[in-house]
Amino acid sequence: MNNSYIIPANSKKSQLILGFFTWTDFILFAAGVSLTLLLLLLVKSTDIIVMLLILMPALITGFLVLPVPNYHNVLQFITNIYTFYTSRKAYIWRGWCLDGKDE
């Protein structure tokens, strides 16, 4: 055997549920859908505004776990934006080269 693997050993997509979702995404979406189903069973209304409000947990969690290109999902993208704008802006260099010169 010539050790020519088709899939790299560090493939992250193979660790995801259905190749898209992490366990956190799955639990978040399941909670939103469960809350929506519970509300649909408990609230009896024909008003369109009330029905949209009942559907909001499933719609919001579905939007948050939706895969987008170059990021895992919208939730991770929002988290990255939040940490970028709320974290320290001074980046400390911890390398082996000082001021562009090798010593």
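Values in this text are rule-based calculations from the coordinates and carry no lab data. Just so we're clear, the structure is a prediction, and the values are computed from it rather than from any experiment. Methodologically, a virtual Cβ is constructed for each residue, glycine included, from the backbone with ideal geometry; neighbour enumeration extends over all protein chains shown.
Taking the range 38-77, which residues are among the aliphatic types (A, V, I, L, M) and under 15 Å from Ile27 (Cα atoms)?
Across the range 38-77, the qualifying residues are Ala58, Leu59, Ile60, Leu64, Val65, Leu66, Leu75.
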For the subset of the range 38-74 comprising residues that are in a helix (DSSP H, G or I) and under 12 Å from the mean Cα position of the chain (by Cα), which member is surrounded by the fewest Cβ atoms within 10 Å (Cβ to Cβ)?
Phe63
